[in-house]
Amino acid sequence: SELEAGDITKKDYDYAVNSLNSQANRISNSMFAIKQQALKAEANRQAEQVKEQIKVTGLEGTVKQMTSQEIESMESTEKFDSKDAAQSYGFIRDFGDGSFEIILNKDKPAVGVAAHEFLHAVLKSTLKGDVKVGEQLASALNSHVDTLEGDQTKLKDRLKSYEGDQNIGEETITLMSESILN
């Protein structure tokens, strides 16, 4: 309105707009940095909680936080591709003897990942490889979720990627648990 009234020049107007845009960008960048810092802090807090729960439950496991580069440099095996793992938020390595390690990607902190992977360990210990029980639990959980209000599109889309997987029951339970946290 000042420009239209002739109180300021086009040059003054452009300087003011550029200044406001710069200020908005600085604020946006600050907000993003604060959000990232809070996300890292919460991911670390959850990792510590999972470490404590491993002790409390008597499971034989560890939690490690590693960078993508550290994960990628891990030795790949027939069942473990370190390059793919380096792109994930986290994963669990089951050593087949009841022990495991949860690896969390420090470069991709996310809420719920540590709990999701810990739940895999708990379910493995509880279900003892009984795929049928896992599928029954997943089916009952899916039936219940279908009665709830709200948008479950993201959850259903994630579950579709596991169709045909023999561990669909376990994955359904962990994904739903993670969705609750989110």
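The values are calculated or read from the model by the stated rules, or taken from the named source; none is laboratory data. Treat the numbers as computed from the prediction; the structure is a model and nothing was measured. Here the Cβ is made from the backbone with ideal geometry for all residues, glycine too, and neighbour counts use every protein chain on show. For the accessible areas, the whole protein counts, side chains as well, though only heavy atoms, and no ligand, DNA or RNA atoms are used. Shrake-Rupley method; radii C 1.70, N 1.55, O 1.52, S 1.80 Å.
When you check Ala115 against the structure, is it of a type in the set (A, V, I, L, M), under 23 Å from Gln36 (Cβ atoms), out of contact with any His (no Cβ under 9 Å at 6 or more places or on another chain) and free of Cβ contacts under 8 Å to residues at least 40 places away in the same chain, yes or no?
Spelling it out, it is not the case that Ala115 is of a type in the set (A, V, I, L, M), under 23 Å from Gln36 (Cβ atoms), out of contact with any His (no Cβ under 9 Å at 6 or more places or on another chain) and free of Cβ contacts under 8 Å to residues at least 40 places away in the same chain.
Restricting attention to the range 55-62, does a residue exist that is part of a helix (DSSP H, G or I) and among the basic types (Lys, Arg)? Quick ask: steps written out before the conclusion?
As a first pass, look at the range 55-62 and keep what is part of a helix (DSSP H, G or I): 55-57.
With among the basic types (Lys, Arg) added as a condition, the list becomes 55.
Yes, that holds for at least one residue.
Name every residue in the range 54-66 that is open to solvent by 80 Å² or more (accessible area, probe 1.4 Å) and closer than 18 Å to Lys124 by Cα, in order of residue number.
Within the range 54-66, the first condition is being open to solvent by 80 Å² or more (accessible area, probe 1.4 Å), and the residues that meet it are 55-56, 60, 64.
Those that are open to solvent by 80 Å² or more (accessible area, probe 1.4 Å) and closer than 18 Å to Lys124 by Cα: Lys55, Val56, Glu60.
Quick test of your reading of the structure: Arg26 fulfils all but one of (1) within 27 Å of the chain's Cα centre (by Cα); (2) outside any strand (DSSP E or B); (3) charged (D, E, K, R); (4) modelled with pLDDT of 95 or more. Name the failing condition by number.
Result: Arg26 passes all but (1).
Anything in the range 107-136 that is under 30 Å from Gln69 (Cα atoms) and either of a type in the set (A, V, I, L, M) or more than 23 Å from the chain's Cα centre (by Cα) (or both)? List them, or say none.
Step one: of the range 107-136, the residues under 30 Å from Gln69 (Cα atoms) are 107-124.
Within the range 107-136, Ala110, Val111, Val113, Ala114, Ala115, Leu119, Ala121, Val122, Leu123 qualify.
List the residue pairs whose Cβ atoms are under 8 Å apart, where the first residue sits in the range 158-178 and is over 17 Å from Ser125 (Cα atoms), the second is basic (Lys, Arg) and part of a helix (DSSP H, G or I), and the two are 6 or more positions apart or on different chains.
Filtered contacts from the range 158-178: Leu175/Arg158.
Just to be sure I understand the filter: pairs with C-beta atoms under 8 Å, separated by 6 or more residues or on different chains, first member in the range 60-80 and of a type in the set (A, V, I, L, M), second member open to solvent by 70 Å² or more (accessible area, probe 1.4 Å) and part of a loop (DSSP other than H, G, I, E, B). Which pairs pass?
Close Cβ pairs (under 8 Å, with a partner that is open to solvent by 70 Å² or more (accessible area, probe 1.4 Å) and part of a loop (DSSP other than H, G, I, E, B)) amount to Met66/Lys106.
Mind listing just one residue for me: the one in the range 1-22 that is in a helix (DSSP H, G or I) and of a type in the set (D, E, K, R) and, of those, most open to solvent (accessible area, probe 1.4 Å)? Lay out the reasoning, then the answer.
So the first thing to find is which residues in the range 1-22 are in a helix (DSSP H, G or I), and the list is 2-5, 10-22.
Going one step further and asking which of them are of a type in the set (D, E, K, R), we end up with 2, 4, 10-12, 14.
On the way: Glu2: 104, Glu4: 168, Lys10: 116, Lys11: 125, Asp12: 76, Asp14: 59 Å².
The residue in question is Glu4.
Condition check ((1) open to solvent by less than 50 Å² (accessible area, probe 1.4 Å); (2) acidic (Asp, Glu); (3) touching a helix residue (DSSP H, G or I) at 6+ places or on another chain (Cβ under 9 Å); (4) in a loop (DSSP other than H, G, I, E, B)) across all residues:
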site	(1), (2), (3), (4)
Ser88	yes, no, yes, yes
Ile102	yes, no, yes, no
Phe118	yes, no, yes, no
Ala121	yes, no, yes, no
Ser139	no, no, yes, no
Asn142	yes, no, yes, no
Glu163	no, yes, no, yes
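Taking the condition under 24 Å from Glu170 (Cβ atoms), open to solvent by 100 Å² or more (accessible area, probe 1.4 Å), out of contact with any His (no Cβ under 9 Å at 6 or more places or on another chain) and among the charged types (D, E, K, R), does Glu78 pass?
Details: under 24 Å from Glu170 (Cβ atoms): yes; open to solvent by 100 Å² or more (accessible area, probe 1.4 Å): yes; out of contact with any His (no Cβ under 9 Å at 6 or more places or on another chain): yes; among the charged types (D, E, K, R): yes.
Considered against the rule, which asks whether it is under 24 Å from Glu170 (Cβ atoms), open to solvent by 100 Å² or more (accessible area, probe 1.4 Å), out of contact with any His (no Cβ under 9 Å at 6 or more places or on another chain) and among the charged types (D, E, K, R), Glu78 comes out as yes.
Looking at the range 123-135, which of its residues are in contact with a helix residue (DSSP H, G or I) (Cβ under 7 Å, 6 or more places away or on another chain) and open to solvent by 70 Å² or more (accessible area, probe 1.4 Å)?
Step one: filter the range 123-135 for residues in contact with a helix residue (DSSP H, G or I) (Cβ under 7 Å, 6 or more places away or on another chain), giving 123, 127, 131, 133-135.
Of everything in the range 123-135, just one residue is in contact with a helix residue (DSSP H, G or I) (Cβ under 7 Å, 6 or more places away or on another chain) and open to solvent by 70 Å² or more (accessible area, probe 1.4 Å), namely Glu135.
Collect the residues in the range 144-155 that are open to solvent by 60 Å² or more (accessible area, probe 1.4 Å) and not in a loop (DSSP other than H, G, I, E, B), keeping them in residue-number order.
Across the range 144-155, the qualifying residues are His144, Asp146, Thr153, Lys154.
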